Amino acid sequence: MASEDRNETMARMFVASCAAYASKPAMLWAKNGEFVPLTYAELHERVRRFAAVLRERGLRKGSTIALQRSWVRIPSSPPNSNEPKVVPMIGS
């Protein structure tokens, strides 16, 4: 299977899973000593927005990218686990 086909399939599978399990928790993150769920619908929206920003900045299908996580955590947001999911969404 070509890399392009695999990325398209991964993106399609991610979107389908998010639709099928929209209200279910996709992940838990610690906030003020409590675990707070992030639903599949919320995760999909975060990934969609992140992919849109990357496209606005010129990334296109076939672009080579490197993503680096910051060691600084913003307490009011979950850890950024969107990176592995967003790459197939933009076709890179």
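The values are calculated or read from the model by the stated rules, or taken from the named source; none is laboratory data. The shown structure was predicted, so the numbers you read here are calculated from the model rather than taken from an experiment. SASA here: full protein model, heavy atoms, side chains in, ligands and nucleic acids out. Shrake-Rupley method; radii C 1.70, N 1.55, O 1.52, S 1.80 Å.
Couple of notes before you dig in:
- Of all residues in region 52-72, those satisfying the criterion of being modelled with pLDDT of 80 or more and either assigned to a helix (DSSP H, G or I) or open to solvent by less than 80 Å² (accessible area, probe 1.4 Å) (or both) are A52, V53, L54, R55, E56, G58, L59, G62, S63.
- Residue in region 23-51 that is modelled with the lowest pLDDT, counting only those that are hydrophobic (A, V, I, L, M, F, W, C) and open to solvent by 30 Å² or more (accessible area, probe 1.4 Å): A30
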